[in-house]
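Here the structure is laid out as structure tokens; the discussion comes afterwards.
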Amino acid sequence: MPLPPMRITVLGSGTSVGVPTIGCHCEVCTSTDPRDQRLRPSVLISYAGCNVLIDTTPDFRTQALRARIEHLDAVVFTHSHADHLMGLDDVRPFNFRQRNGIPIYASQATMAAIQRCFPYIFDTAKQESNVPKLIPHVIDTAPFDVLGLPFQAVPVLHGSQTIFGFRFGAAAYLTDHSRIPDESMELLHDLDVLFLDALRYKPHPTHSTVEQSVATVERLEPRRAFFTHICHDLAHERDGSLLPPRIQLAYDGLEIDVEGRE
Ligand SMILES: [Zn+2]
Ligand SMILES: [Zn+2]
Ligand SMILES: [Zn+2]
């Protein structure tokens, strides 16, 4: 299947509380390097005139304004933790402009959580004011097509919970995870670009560390790897420079072009 060229824009590279973290005066939270200011984790995938968003963070409105997103064609959800979901209501301006529903893709468990968090969106009774207009698609591990780009859910363990990362063409985005099962590693060969959770150096029960994600990169050998979901323990310049050559710390606003394939 031919793959369109795509651009991946990092809308947020931070952990759940963001960086700077409220009330913190550490070196990274007070850094003047703009790459140390990290909104909650999300990427935008642009190809063939389409914009597909992974996760609607609590910062989504700010992220959409900052990246000048003019239209939104689909949203794909990794899981329902607040840092990946709570900006969903802010897709409404896209509904107004586009005058149609936006398809959303999520596992059964994530879709059920979205419906619990935002019951008014799915209330079929006549609404008095505008609510997001969404077209839900429940996905599993079967490949699915989003406006001409093939997507593959990649199950990962996030603590004891199984959630989804995604492969799309020659790129993959694996945010929150503490372990990648072997069957999922098999889905991640021959990648140009791989995003991985790398929260910090210290172990965490539900997140990958820098050391663990470096090991994942060494096993999978993508051409380029970007670490995301980063907390205030990592300074972009100081800690990014310690990484092996093919790995970089992602930062908000980073744009990555991925070539198409015939
Ligand atoms: Zn998260
Ligand atoms: Zn701090
Ligand atoms: Zn999470």
**Item:** the stretch 22-66, subset in a helix (DSSP H, G or I) and over 30 Å from residue 107 (Cβ atoms), residue farthest from ligand 1 (Cβ to nearest atom)
**Value:** 34
**Asked** Just checking, how many residues over the stretch 54-84 are among the acidic types (Asp, Glu), out of contact with any strand residue (DSSP E or B) (no Cβ under 6 Å at 6 or more places or on another chain) and within 11 Å of ligand 3 (Cβ to nearest atom)?
**Response** 1
**Request:** Return yes when residue 204 is part of a loop (DSSP other than H, G, I, E, B), buried (at least 20 other Cβ atoms within 10 Å of the Cβ) and without any contact (Cβ under 8 Å) to a residue 40 or more places away in the chain and no when it is not.
**Result:** no
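Mind listing whichever residues of the stretch 68-123 are among the polar types (S, T, N, Q), crowded, with 17+ Cβ neighbours inside 10 Å and over 16 Å from the mean Cα position of the chain (by Cα)?
Passing the criteria: only 95.
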**Asked** Among the numbered criteria (1) modelled with pLDDT of 95 or more; (2) surrounded by fewer than 21 Cβ atoms within 10 Å (Cβ to Cβ), which single criterion is violated by residue 261?
**Response** (1)
**Asked** residue 216 fails exactly one of the following numbered conditions: (1) out of contact with any Gly (no Cβ under 8 Å at 6 or more places or on another chain); (2) in a strand (DSSP E or B). What is the number of that condition?
**Response** (2)
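The values are calculated or read from the model by the stated rules, or taken from the named source; none is laboratory data. As the structure is a computational prediction, the values presented were derived from the model and not from experiment. Cβ: placed from backbone, ideal geometry, glycine included. Neighbour counts: every protein chain shown.
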